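Every read-out reported here was derived from the displayed coordinates using simple, explicitly stated rules and does not represent laboratory data. Note that the structure is a prediction, hence the values are computed from the model and not measured. When we count neighbours, we look across all protein chains shown, and the Cβ atoms used for this are built from the backbone with ideal geometry, even at glycine.
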Amino acid sequence: MECPGCGFQRSVLLLLQGEIRESVRMYPATLPILMLVVFSLLHLNMHFTRGALIIKYLYILVAIVILVFYIYKILNHKILI
């Protein structure tokens with residue numbers, strides 16, 4: 001059985017090659033995770049007013065996307081197409 005993070009590295013490689021659609025199909029949480037990392041780094045340097053709150057909501061979004069995708073894979077024994 002695959003773990004909830006299976007496909008992340010392949011998805012990042014596809015994203016770096018410009019294959020955005022294939023990257024999202026491989027692992028839908030890649031873009032939200034990258035948004036979270038980029039925003040967190042920007043918040044560390046620029047100290048946004050509601051930055052901590054936005055980071056919290058981004059974490060929740062990432063967790064939901066990972067959970068939904070993982071349940072989908074368990075129920076259908078395949079990756080989203």
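Between 0 and 90 degrees, the angle of helix 51-76 with respect to the longest Cα principal axis of the chain falls at about 0 degrees.
A simple count of charges around GLU19, restricted to other residues whose Cβ falls under 12 Å of its Cβ and scoring Lys, Arg +1 and Asp, Glu -1, yields +2. Taking the chain as a Gaussian network of alpha-carbon nodes connected by springs under 10 Å, the highest mean-square fluctuation of the residues VAL62, VAL38, VAL24 belongs to VAL38. Other residues with beta-carbon under 15 Å from the beta-carbon of LEU31 carry, at +1 per Lys or Arg and -1 per Asp or Glu, a net charge of +1. Computed over the chain, the per-residue total of -39500 (n - 2.57) for DSSP H runs of n ≥ 4 gives a 222 nm mean residue ellipticity of -24000 deg cm²/dmol, rounded to 500.
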